[in-house]
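The values are calculated or read from the model by the stated rules, or taken from the named source; none is laboratory data. Not measured: the values here are computed from a predicted model. Positions of Cβ are generated from backbone atoms using ideal geometry, with glycine treated the same way; all protein chains shown enter the neighbour counts. Side chains included, ligands, DNA and RNA excluded: accessible areas come from the protein's heavy atoms. Shrake-Rupley method; radii C 1.70, N 1.55, O 1.52, S 1.80 Å.
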Amino acid sequence: MEKKDLGFRLVTGAFALVLILIVCAIGWELTRQSMLSIRQFGLAFWRTETWDPVAGEFGALPFIWGTLYSSVLALAIATPIALGIAVFISELCPARLRQPLVFLTELLAAIPSIVYGLWGIFVLVPAVRALETSLPDTLRRLPIFTGPPLGLGMLSAALVLAIMVIPFTSSVAREVLKSVPAAQREGAYALGATRFEAIRAALFFARTGIVGAVMLGFGRALGETMAVTMVIGNNPQATLSLFAPQYTMAAVIANEFTEAADALYLSALVEIGLVLFIITLIVNSLSRLLIWSMAKSGVAVQTAEPAAAPLAGAA
C-alpha cells in the first residue's frame, strides 16, 4: 500500500514539475522574443499611452486598461446572473426542467467566439447605439457616458464577454452547490431556517468553490480575442467611457501581428503577450491565495457539521 502511495506521489509530482517547466518555458520564450522592446522602452512600456508603429513609439497602457476594464465589467454583469442560474437549477428548479436547463446553459459554452462576435455586431452594437442616443444630454456629458454614437465600444465588449462567461461560471458553481453535504441544509431547516436562509447557508459553505468559479470566468474573459475584437472598436486609448472605442491586449496581437514590418514592432507585440501572461499569472495566483485563505477559514464550518446532524435528527 505504501509503495502504491509512493508511486502515485511520484507520478503526480512529475506531472506538476512538467507543468511548471512548461510555464517557465513560455515565460522565457516571450521574454527572449521581447528583449528588444524591453531594452528600448523599459517600464515605460507599461505606463505610456502612445502606440505609433510609424514613429517607433510603443506603449501598452491602453491595452492593459482595456483588457482589465472589459473583464472586470463583464464579471460584474455575469456573476449575479451565473450564480442565480446555478442556485435556481440546483435548489429551486423542478426535476423535469433541470436537465433541459443544464443542456441549454452548457450549449452556450459550446458556441464559437466568432459566432458571439457576429451576434454582437448585428444585435448588441445597434442596441448599445440606440441606448447611447436615447440618453439625455446631461448624462452624455459625464465621462463614463461620453463617446461617439457608434455602438462599438467598451459596453458592447463587456456584454459579449459577460454572455460568454455565464455558462462557465454557472456550470462550476452548480457542481459546487451539488457537492454541499445535505446535513448543511438539514441542519439549517432544523434550526427553523426558511428555504432562502438554507440556500444562503449552502452558498456560505460553498463560498470557496464559488470564488473559484468566478475566477475561472475572469480568466476566460481576460484571454478572449475574436468576439471582443469585433465589437470593442480597436482604438488605443484609455478612458472610463463605456461608449468610447477601446482596445485589448489579445485584440491588438491578433490584429497587428502579421502587419509588424520591423523587429521593434514585432518585439513590442510579443511584449504585450508577455504582459498578458504576467497579468494572468498574477490574477490566478491572487485567486488561489484567496481560495486557500477562505478554505482555512472554512475549517470551523466543516468541524461544526457533525453537530448539525444531531439537531436535524432531534427535530
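Here are some residues: MET294, MET230. Which one is at pLDDT 90 or above, under 22 Å from the mean Cα position of the chain (by Cα) and not in a strand (DSSP E or B)? Walk me through how you get there before you give the answer.
Details: MET294 fails: at pLDDT 90 or above.
The unique qualifying residue is MET230.
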When you look at GLY27, is it free of Cβ contacts under 8 Å to residues at least 12 places away in the same chain and open to solvent by less than 70 Å² (accessible area, probe 1.4 Å), yes or no?
no
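Just one of ALA78, ALA95, ALA110, ALA86 is more than 25 Å from LEU216 (Cα to Cα), out of contact with any strand residue (DSSP E or B) (no Cβ under 9 Å at 6 or more places or on another chain) and of a type outside the set (Val, Ile, Thr); which is it?
On the way: ALA78 fails: more than 25 Å from LEU216 (Cα to Cα); ALA110 fails: more than 25 Å from LEU216 (Cα to Cα); ALA86 fails: more than 25 Å from LEU216 (Cα to Cα).
Result: ALA95 is the single residue among ALA78, ALA95, ALA110, ALA86 that is more than 25 Å from LEU216 (Cα to Cα), out of contact with any strand residue (DSSP E or B) (no Cβ under 9 Å at 6 or more places or on another chain) and of a type outside the set (Val, Ile, Thr).
Considering only segment 125-158, how many residues are hydrophobic (A, V, I, L, M, F, W, C) and touching a helix residue (DSSP H, G or I) at 6+ places or on another chain (Cβ under 7 Å)?
Quick first cut of segment 125-158, residues hydrophobic (A, V, I, L, M, F, W, C) only: 125, 127-128, 130-131, 135, 139, 142, 144-145, 150, 152, 154-155, 157-158.
If we keep only those that are touching a helix residue (DSSP H, G or I) at 6+ places or on another chain (Cβ under 7 Å) too, we end up with 125, 128, 135, 139, 145, 150, 152, 154-155, 157-158.
So the answer is 11.
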Going by the structure shown, is ALA162 farther than 21 Å from GLU106 by Cα and open to solvent by less than 10 Å² (accessible area, probe 1.4 Å)?
no
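For GLU106, state whether it is acidic (Asp, Glu), over 30 Å from PHE145 (Cβ atoms) and in a helix (DSSP H, G or I).
Values: acidic (Asp, Glu): yes; over 30 Å from PHE145 (Cβ atoms): yes; in a helix (DSSP H, G or I): yes.
Criteria met by GLU106.
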Name the residue, out of GLY192, GLY117, that is of a type outside the set (A, V, I, L, M), modelled with pLDDT of 90 or more and either closer than 26 Å to LEU216 by Cα or not in a helix (DSSP H, G or I) (or both).
GLY117
Restricting attention to segment 237-260, and to residues there that are among the β-branched types (Val, Ile, Thr) and over 15 Å from the mean Cα position of the chain (by Cα), which single residue is surrounded by the fewest Cβ atoms within 10 Å (Cβ to Cβ)?
THR258
Please count how many residues of segment 205-236 are open to solvent by 40 Å² or more (accessible area, probe 1.4 Å), farther than 30 Å from GLY187 by Cα and in contact with a helix residue (DSSP H, G or I) (Cβ under 7 Å, 6 or more places away or on another chain).
7
Of ILE166, ILE199, the only residue that is among the β-branched types (Val, Ile, Thr), farther than 30 Å from THR248 by Cα and part of a helix (DSSP H, G or I) is ILE199
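For the condition touching a residue at least 40 places away in the same chain (Cβ under 8 Å), within 30 Å of THR239 (Cα to Cα), touching a Ser or Thr at 6+ places or on another chain (Cβ under 8 Å) and not hydrophobic (A, V, I, L, M, F, W, C), what is the one hit in SER113, SER156?
Values: SER156 fails: touching a Ser or Thr at 6+ places or on another chain (Cβ under 8 Å).
Criteria check complete, one pass: SER113.
Run down PHE8, PHE45 and say which single residue is modelled with pLDDT under 85 and either under 17 Å from VAL252 (Cβ atoms) or surrounded by 10 or more Cβ atoms within 10 Å (Cβ to Cβ) (or both).
On the way: PHE45 fails: modelled with pLDDT under 85.
It is PHE8.
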Taking the stated definitions as given, is LEU266 open to solvent by 10 Å² or more (accessible area, probe 1.4 Å), closer than 18 Å to ALA76 by Cβ and modelled with pLDDT of 90 or more?
no
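Being among the small types (Gly, Ala, Ser) and in contact (Cβ under 8 Å) with a residue 12 or more places away in the chain is the filter here; which residues of segment 54-109 pass it?
So in segment 54-109, the residues among the small types (Gly, Ala, Ser) come out as 55-56, 59-60, 66, 70-71, 74, 76, 78, 82, 84, 86, 90, 95, 109.
Selection gives GLY56, GLY59, ALA60, GLY66, SER70, SER71, ALA74, ALA78, ALA82, ALA86, SER90, ALA109.
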